[in-house]
Amino acid sequence: MRHYSAFSILRNGLSGNKHWSRAWRDPAPKPAYEVVIVGGGGHGLATAYYLAKEHGIRNVAVLEKGWLGGGNTGRNTTIVRSNYMMPGNTMFYERSMQLWENLSQELNYNVMMSRRGYYYLFHSPGQGDTARRRTNIMRANGIDAELFDRPEVMKRLPYLDYSENARFPIYGAAYQGRAGTARHDAVAWGYARAADRQGIDLIQQCEVTGYLWDDGQIVGVETSRGPIRASKVALAVAGHTSHLAAKAGLRLPIETHVLQAFVTEPLKPLVDHVIIFGAEHFYISQSDKGGLVLGGDLDGFNSYAQRGGLPIVEHTLQSAKALMPSLSRLRLLRHWAGAMDMTMDGSPIIGKMPVDGLWLNGGWCYGGFKATPASGFCFAWTIARGESHPDSAEFTLKRFERGYQIDETGAGPHPKAH
Ligand SMILES: Cc1cc2nc3c(=O)[nH]c(=O)nc-3n(C[C@H](O)[C@H](O)[C@H](O)COP(=O)(O)OP(=O)(O)OC[C@H]3O[C@@H](n4cnc5c(N)ncnc54)[C@H](O)[C@@H]3O)c2cc1C
């Protein structure tokens, strides 16, 4: 496998681009591995990469029922940030941010990390107090955060609605300058290529349908391509978590909901940051191709379908118009959805399950893309050492037993409200 470099681009360019090698192999599954990771999204692939790189565990397969990155990893709105305030979340997401900063170099693959800044608008004095509290907590933890008043926001984001008739007046914004976006498929492809280089088998079109058991312990998986034995089976299947956990006899505090995203026809550069509307569940950024990328609320029903309903399209576009009336003449190009694994407190679960042989990484709700590097890093640590990494120590299943949820938004046991 060749190293990507300016020299390799030049050499291949001069020889008609005929000598690029495949980014990863397409191996047949072996009968047994030390670790089998179920799910070839960003989290499964990153876990495989860090298992090999940090712990020297290379006898690993990633089993993906479709194609690599075809789940939520390839469907999200690509926002990367670390503006968390609850102990347990704060330093985990900051570790992820630090890993993002050097990820293209580490993987030798351009993940197009764009630190364009992230504004969280507030629309009342009370919301402003909450934003101030979050900003102060972030700063106390050494994480960059600023608070801007209305005149400063008007100067920085002149295209929002500041008129007297604005439905939700803008009072100010919390800002994280290191936050931004990264190209989602490139993250999956970058981790896949780097994991493959470490000798890990990436097996696509291989659905896990059940488990192999020995004396009450999981010792492998049943798949659409035959049984595969493994000392450790690790799930990283996002919206399919509860479904696969149920096959192992586990009932988890996770529900699957549908979340949609939207992209408009391309425009000249206009929105050069990520902007979150504090009055409704709505956010906006602009892709490198010029399309405005819009995100909205969860669809109001549980489903495994990767498509959404029209009420959320209407709600998202109403919010877009309330924030930026100039968008009303813009045409929507397409919309799609992903199956979200929503926990009851909005924070993830990383750890060993009560069934021997089974490990879980799930419950990422709306926010797992930004977590990809730290999630893979900490999950690999947990699988290799049999104990939580200090940064993900609060993400065990035990917090639900003990009643110590990490309720970042104070929404309680309402997945739709997180
Ligand atoms: C519309 C939308 C917008 C989002 N926006 C953001 C954002 O801006 N920022 C952010 O941080 N997060 C965002 N997220 C959340 C983020 O995308 C996810 O949390 C994250 O990508 C989850 O990664 P993953 O690897 O766990 O899951 P996935 O990428 O979904 O990977 C899981 C894989 O498991 C496979 N699988 C499932 N069942 C089986 C089986 N039985 N056998 C084999 N394979 C199986 C699936 O095919 C899938 O490829 C968004 C999500 C959506 C849907």
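The values are calculated or read from the model by the stated rules, or taken from the named source; none is laboratory data. Since this is a predicted model, take the numbers as computed values, not measurements. We place every Cβ from the backbone using ideal geometry, glycine too, and count neighbours over all the protein chains shown. To get the accessible areas, we keep the full protein, side chains included, count just its heavy atoms, and leave off ligands, DNA and RNA. Shrake-Rupley method; radii C 1.70, N 1.55, O 1.52, S 1.80 Å.
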Filter result for Asn141 (polar (S, T, N, Q), at pLDDT 95 or above and under 18 Å from the mean Cα position of the chain (by Cα)): no
Count - residues of the stretch 264-295 that are assigned to a loop (DSSP other than H, G, I, E, B) and under 19 Å from Lys155 (Cβ atoms): 6
Count of residues meeting criterion [touching a Lys or Arg at 6+ places or on another chain (Cβ under 6 Å), more than 16 Å from the ligand (Cβ to nearest atom) and within 30 Å of Ile218 (Cα to Cα)] in the stretch 1-58: 2
Filter pass, Ala371 being open to solvent by less than 50 Å² (accessible area, probe 1.4 Å) and touching a helix residue (DSSP H, G or I) at 6+ places or on another chain (Cβ under 6 Å): yes
Among residues of the stretch 273-284, those that are open to solvent by less than 10 Å² (accessible area, probe 1.4 Å) and near the ligand (Cβ under 10 Å from one of its atoms), counted: 1
Subset of the stretch 288-335 (residues that are open to solvent by 70 Å² or more (accessible area, probe 1.4 Å), hydrophobic (A, V, I, L, M, F, W, C) and over 25 Å from Arg167 (Cβ atoms)): Phe301, Leu333
Members of the stretch 154-180 that are hydroxyl-bearing (Ser, Thr, Tyr) and touching an Asp or Glu at 6+ places or on another chain (Cβ under 9 Å): Tyr171, Tyr175
Options Asp196, Asp185: the member that is over 23 Å from Leu292 (Cβ atoms) and open to solvent by less than 40 Å² (accessible area, probe 1.4 Å): Asp196
